[in-house]
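The values are calculated or read from the model by the stated rules, or taken from the named source; none is laboratory data. The structure displayed is predicted, hence computed values, not measured ones. Cβ atoms come from the backbone with ideal geometry, glycine included; neighbour counts cover every protein chain shown. Heads up: the accessible areas ignore ligands, DNA and RNA and are worked out on the full protein's heavy atoms, side chains in. Shrake-Rupley method; radii C 1.70, N 1.55, O 1.52, S 1.80 Å.
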Amino acid sequence: KLLRVIAGSVFDVAVDMRRSSAAFGQWTGVELRARDHRILWIPPGFAHGFVSLEEGSELVYKCTDYYAPEHERTLLWNDPDLAIAWPLKSAPTLSEKDMAGIPFARAEAFP
């Protein structure tokens, strides 16, 4: 998946979900700002999430396949095992889907 911020800024996170990877369970995060025109590539086998850092932030995705909701999974955004260092000033506003996320230890992984 390719991701670009076209308005505002976000902190974007990718978590390696590939059991065969030496980086399995590790995360990386990057701040993307519209004014920088940077594109982030997230390879298959990674979970992806972000938090908006500015009001009105907008993202554009280019995915490798059509959206298939039956294959969608949601990790617990604040899982202590992942210890993602979200740059939050206050508690985030979460979607129902994000509130129902599961811990990494119980998540389905890729081979």
So which residues in the stretch 18-27 are buried (at least 16 other Cβ atoms within 10 Å of the Cβ) and touching an Asp or Glu at 6+ places or on another chain (Cβ under 8 Å), if there are any at all?
25, 27
Conditions (1) modelled with pLDDT of 95 or more; (2) in contact with a strand residue (DSSP E or B) (Cβ under 6 Å, 6 or more places away or on another chain) -> residue 105 fails only (2)
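Could you check the stretch 63-77 and list, in sequence order, the residues that are acidic (Asp, Glu) and either modelled with pLDDT of 95 or more or open to solvent by 90 Å² or more (accessible area, probe 1.4 Å) (or both)?
Start the filter on the stretch 63-77 by keeping residues that are acidic (Asp, Glu), which leaves 65, 70, 72.
The answer is 65, 70.
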Candidate set: the stretch 78-111, residues that are closer than 24 Å to residue 55 by Cβ and among the aliphatic types (A, V, I, L, M); chosen: the one surrounded by the most Cβ atoms within 10 Å (Cβ to Cβ):
84
Does at least one position in the stretch 41-62 carry a residue that is loosely packed, with under 11 Cβ neighbours inside 10 Å and either touching a helix residue (DSSP H, G or I) at 6+ places or on another chain (Cβ under 9 Å) or aromatic (Phe, Trp, Tyr) (or both)?
yes
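Could you identify the single residue in 10, 5, 30 that is open to solvent by less than 40 Å² (accessible area, probe 1.4 Å), touching a helix residue (DSSP H, G or I) at 6+ places or on another chain (Cβ under 8 Å) and not aromatic (Phe, Trp, Tyr)? Full working, then the answer.
Numbers: 10 fails: touching a helix residue (DSSP H, G or I) at 6+ places or on another chain (Cβ under 8 Å); 30 fails: touching a helix residue (DSSP H, G or I) at 6+ places or on another chain (Cβ under 8 Å).
Checking each option against the conditions leaves just 5.
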Pick from the stretch 3-30 the residues that are assigned to a strand (DSSP E or B) and more than 12 Å from the chain's Cα centre (by Cα): which of them is farthest from residue 109 (Cα to Cα)?
7
